[in-house]
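Participant: Okay, here's the structure, questions in a sec.
The values are calculated or read from the model by the stated rules, or taken from the named source; none is laboratory data. Just so we're clear, the structure is a prediction, and the values are computed from it rather than from any experiment. Cβ: placed from backbone, ideal geometry, glycine included. Neighbour counts: every protein chain shown.
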Amino acid sequence: MIEIIGMTKVYTTGKVNVEALRGIDLKIEKNDFISIMGPSGSGKSTLMNIIGCLDTPTQGEYHLEGMKVAELDPNRLADIRNQKIGFVFQNFNLLPYATAFENVEIPLIFKGDSFKKRKARTEELLEIVGLKDRMDHKPTELSGGEMQRVSIARALACNPSIILADEPTGNLDSVSGAEIIEIFVDLWNKGHTIAIITHDTKISSRTQRIIKLLDGMIVDGGGA
Amino acid sequence: MKGFLFFRLFLRDLKKQRKKITLTTLAIAWGTFSIVMLLAFGEGLKNQMSKANSGLGKGICIMWGGQTTIPYQGLGKGRRIRFTEEDVELLKSRIPEIENVGGEYNRWEIAMTYGKKTLTERVNGLYPCYEEMRSHYPEKGGRFINDLDLKYKRRVVFLGNELKERLMGNEKNVVGKTIIINSIPFTVIGVMREKLQMGAYGGMDEDKVSIPATTFKAIWGYTYFNNLVYQPKDPEKAEQVEKEVYKVLGAKHKFDPEDERALGIWDVINQAKEMNKVFLGISIFLGIIGGMTLLIAGVGVANIMFAAVKQRTREIGIKMALGGKRKDIMSQFILESLMIAFFGGGAGIVFTVIIVRILQAIPIQSEGLQFLGKPTISWDVMAVTIVILGLVGLLSGFFPSRKAAVVNPVESLRYE
């Protein structure tokens with residue numbers, strides 16, 4: 001489903017070129033549950049951003065469900081982020097002034113669903129993460145675990161091909177973290193494809209496959 | 001829900017930048033006030049001027065006899081052309097495009113007496129069509145010269161309102177009173193309603209005394225009219241009618257229709273048209289001045305929106321990650337600045353309407369102020385203002401929003 005061949009990414013800051021990725025080959029199949037590990041600066045986030053279509057590679061090919069992503073225009077990429085990718089961030093990235101319901105609703109607004117459709121879907125999603133009774137609360141009125149559950153619901157909104165999570169438990173206490181891990185496992189069991197960046201062996205131990213990155217290269221777990 | 005979210009976002013922003021937004025909204029209101037006020041004064045001036053212009057007459061041409069300058073059919077140049085009643089009848093019957101035509105006699109330095117007061121003034125001999133053509137409307141209780149006055153050569157007189165003041169003082173109900181003109185008693189049938197008059201020939205109408213043309217002729221034995229006044233049916237065709245007049249009168253008086261000096265025609269219609277052009281120019285000028293003021297306010301709005309883009313960098317990144325397109329990101333900022341523009345603009349318009357109402361309610365005595373002191377808010381003014389406000393709002397939102405649209409989502413998600 002996702003195939004990356006010979007991908008490099010070079011950042012130019014001033015006169016210094018930083019090679020964040022140095023030739024990545026990676027395959028992710030449908031209903032894979034993988035974790036990406038590596039020390040900071042190893043290129044985890046860069047890889048994640050490129051898979052998530054937030055960034056484009058300097059070189060190499062990226063196929064997502066048969067589409068050559070590198071060749072798409074910004075509007076098409078926005079559509080892909082909207083409908084094929086679900087992001088879960090370490091710091092949740094919820095809109096602080098919007099309620100849980102409204103936060104989950106945003107991708108559906110961009111998709112162009114009618115209000116009726118959005119309402120039904122949003123309630124269904126909040127039900128899945130067990131927050132239906134808190135949907136009128138703003139992020140500041142929720143605990144960290146609850147906020148992360150809202151953002152998982154938001155990531156699932158348009159039924160994406162892959163869920164990309166960047167240190168989803170990094171800002172959580174161990175109890176909430178464990179709950180979040182269970183949610184991911186549960187989603188995997190339901191057929192979702194999930195990639196998680198993490199330092200946390202409690203998560204990586206639960207995944208099917210661990211990809212280890214070092215200095216912009218995959219040192220372990222790249223093949224299917 | 002999208003609109004609702006948008007509104008909440010706006011309110012949040014309002015709280016964060018309360019002082020700035022309040023000041024900018026005030027600036028927009030002030031800009032709107034100045035633009036509407038300027039245009040309203042322009043409009044009022046134009047209205048007063050066109051009213052004053054029609055004080056002389058609406059859609060008329062005034063014609064004098066001239067002198068030929070081109071020899072024609074064996075006749076030399078330098079002949080005087082003068083009109084009689086025959087010419088009036090001829091124009092009436094030969095040019096169907098003429099709605100109304102009438103001649104007038106006048107004579108200066110005629111003594112007129114009321115009680116112990118005697119004045120020496122000008123007297124006009126007129127036809128009933130002058131009431132409409134030359135705006136000789138009577139005050140309540142009076143009337144203008146009619147057909148029976150003409151037929152019976154009645155000794156009746158219609159007074160200019162200023163002259164009536166001078167001759168009869170503040171006396172009210174002067175209709176039916178007798179004044180002596182040239183040693184002949186005349187009955188007053190009406191006093192002219194006060195009017196604004198700009199163009200004039202032989203003095204202002206308010207200073208004139210009008211009697212039936214036939215009575216005039218019987219007293220002073222005039223053969224020739226001093227001038228004619230005609231009114232084309234369609235004001236747009238005044239020039240065509242003028243050519244016809246040259247042809248018809250040229251055939252009768254034997255002058256070349258190309259001989260422009262044979263007749264003198266004052267085209268009041270064309271003059272009014274020219275004046276409208278001048279006023280359009282003035283309005284555009286005033287609009288530009290007002291627009292400049294508004295533009296400065298627009299810079300303030302843009303400033304706020306630039307700040308908002310920076311403040312919301314992270315939020316823009318989140319929206320992009322969730323599939324927001326360029327237009328989704330941009331439209332928010334444009335809508336917000338439009339909202340500020342129209343909110344401020346609305347306040348400015350309301351304020352202006354109040355001021356204009358107050359100004360209109362103040363009675364004006366001075367003649368100069370009669371032209372300036374009547375600001376009018378017309379639909380045109382409103383339309384122009386709203387268009388300019390829209391443009392200012394759009395522009396002051398567009399540039400900041402473009403900055404928002406090129407935000408790099410990767411970096412903005414890291415932005416604190």
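Participant: Could you run through the stretch A:140-152 and say how many residues are under 13 Å from the mean Cα position of the chain (by Cα) and either away from chain B (no Cβ under 12 Å) or without any contact (Cβ under 8 Å) to a residue 12 or more places away in the chain (or both)?
Facilitator: Adding up the residues that qualify gives 2.
Participant: Given (1) in contact with a helix residue (DSSP H, G or I) (Cβ under 6 Å, 6 or more places away or on another chain); (2) assigned to a strand (DSSP E or B); (3) closer than 29 Å to B:LYS319 by Cβ, where does A:ILE210 come up short, assuming only one miss?
Facilitator: (3)
Participant: Could I ask something else about it? Being touching a Leu at 6+ places or on another chain (Cβ under 9 Å) and within 10 Å of A:PRO139 (Cβ to Cβ) is the filter; apply it to the stretch A:98-112 and report the residue that is farthest from the other protein chains (Cβ to nearest Cβ).
Facilitator: So, considering only residues that are touching a Leu at 6+ places or on another chain (Cβ under 9 Å) and within 10 Å of A:PRO139 (Cβ to Cβ), the one farthest from the other protein chains (Cβ to nearest Cβ) is A:ALA100.
Participant: Do you know which of the residues in the stretch B:116-138 that are surrounded by fewer than 16 Cβ atoms within 10 Å (Cβ to Cβ) and of a type outside the set (A, V, I, L, M) is nearest to the chain's Cα centre (by Cα)?
Facilitator: B:TYR137
Participant: Related question: What pairs can you find where one residue is in the stretch B:243-259 and touching a residue at least 24 places away in the same chain (Cβ under 8 Å), the other is aliphatic (A, V, I, L, M) and in a helix (DSSP H, G or I), and their Cβ atoms are less than 6 Å apart, with a gap of 6+ or different chains?
Facilitator: Close Cβ pairs (under 6 Å, with a partner that is aliphatic (A, V, I, L, M) and in a helix (DSSP H, G or I)) amount to B:PHE255/B:ALA262.
Participant: With the requirement that a residue be charged (D, E, K, R) and away from every other protein chain (no Cβ under 14 Å), what does the stretch B:274-314 give you? Explain how you work it out, then say what you get.
Facilitator: Let us first name the residues in the stretch B:274-314 that are charged (D, E, K, R), namely B:274, B:277, B:310, B:312, B:314.
Scanning the stretch B:274-314 gives B:GLU274, B:LYS277, B:LYS310.
Participant: Can you tell me which of B:GLY323, B:GLY317 is free of Cβ contacts under 8 Å to residues at least 40 places away in the same chain and within 14 Å of chain A (Cβ to nearest Cβ)?
Facilitator: After ruling out the rest, the residue left standing is B:GLY323.
Participant: Between B:THR187, B:THR215, which is at pLDDT 95 or above, surrounded by fewer than 21 Cβ atoms within 10 Å (Cβ to Cβ), outside any loop (DSSP other than H, G, I, E, B) and not aromatic (Phe, Trp, Tyr)?
Facilitator: B:THR187
Participant: Here is a further query. When the residues of the stretch B:46-83 are filtered to those that are assigned to a loop (DSSP other than H, G, I, E, B), touching a strand residue (DSSP E or B) at 6+ places or on another chain (Cβ under 7 Å) and among the β-branched types (Val, Ile, Thr), which remaining residue is surrounded by the most Cβ atoms within 10 Å (Cβ to Cβ)?
Facilitator: Checked the stretch B:46-83; the qualifying residue surrounded by the most Cβ atoms within 10 Å (Cβ to Cβ) is B:ILE60.
Participant: Shifting gears a bit: If I filter the stretch A:45-60 for residues that are touching an Asp or Glu at 6+ places or on another chain (Cβ under 7 Å) and more than 14 Å from chain B (Cβ to nearest Cβ), do I get at least one hit?
Facilitator: For the stretch A:45-60, residues touching an Asp or Glu at 6+ places or on another chain (Cβ under 7 Å) and more than 14 Å from chain B (Cβ to nearest Cβ): absent.
Matching residues to (1) over 16 Å from A:SER40 (Cβ atoms); (2) surrounded by 21 or more Cβ atoms within 10 Å (Cβ to Cβ); (3) touching a Ser or Thr at 6+ places or on another chain (Cβ under 6 Å); (4) modelled with pLDDT under 90:
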position: A:LEU164; (1), (2), (3), (4): yes, yes, no, no
position: A:VAL175; (1), (2), (3), (4): yes, no, no, no
position: A:LEU187; (1), (2), (3), (4): yes, no, no, no
position: A:THR193; (1), (2), (3), (4): yes, yes, no, no
position: A:GLY222; (1), (2), (3), (4): yes, no, no, yes
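Participant: Out of all the residues in the stretch B:95-113, which are part of a strand (DSSP E or B), under 24 Å from B:ALA251 (Cβ atoms) and of a type in the set (A, V, I, L, M)?
Facilitator: Correct list: B:ILE98, B:VAL101.
Participant: Has the stretch A:117-139 got any residue that is facing chain B (nearest Cβ under 9 Å), buried (at least 21 other Cβ atoms within 10 Å of the Cβ) and touching a residue at least 12 places away in the same chain (Cβ under 8 Å)?
Facilitator: Yes; the residues of the stretch A:117-139 include at least one that is facing chain B (nearest Cβ under 9 Å), buried (at least 21 other Cβ atoms within 10 Å of the Cβ) and touching a residue at least 12 places away in the same chain (Cβ under 8 Å).
Participant: Take B:LYS233 and decide whether it is of a type in the set (Lys, Arg), under 37 Å from the mean Cα position of the chain (by Cα) and more than 14 Å from chain A (Cβ to nearest Cβ).
Facilitator: yes
Participant: Quick one: in the stretch B:289-344, of everything that is of a type in the set (Lys, Arg) and over 20 Å from B:PHE10 (Cβ atoms), which residue is surrounded by the fewest Cβ atoms within 10 Å (Cβ to Cβ)?
Facilitator: B:ARG326
Participant: Looking at (1) within 14 Å of chain B (Cβ to nearest Cβ); (2) surrounded by fewer than 20 Cβ atoms within 10 Å (Cβ to Cβ); (3) more than 25 Å from A:SER204 (Cα to Cα), which one does A:GLN90 not meet, given that it meets all the others?
Facilitator: (3) is the only condition that A:GLN90 fails.
Participant: Return the total of residues in the stretch B:311-330 being assigned to a helix (DSSP H, G or I) and among the basic types (Lys, Arg).
Facilitator: 4
Participant: Here's a follow-up. Picking from A:LEU95, A:LEU72, which residue would you name as being within 8 Å of chain B (Cβ to nearest Cβ), on the phi < 0 side of the Ramachandran plot and free of Cβ contacts under 8 Å to residues at least 60 places away in the same chain? Steps first, please.
Facilitator: Details: A:LEU72 fails: within 8 Å of chain B (Cβ to nearest Cβ).
Only one candidate qualifies: A:LEU95.
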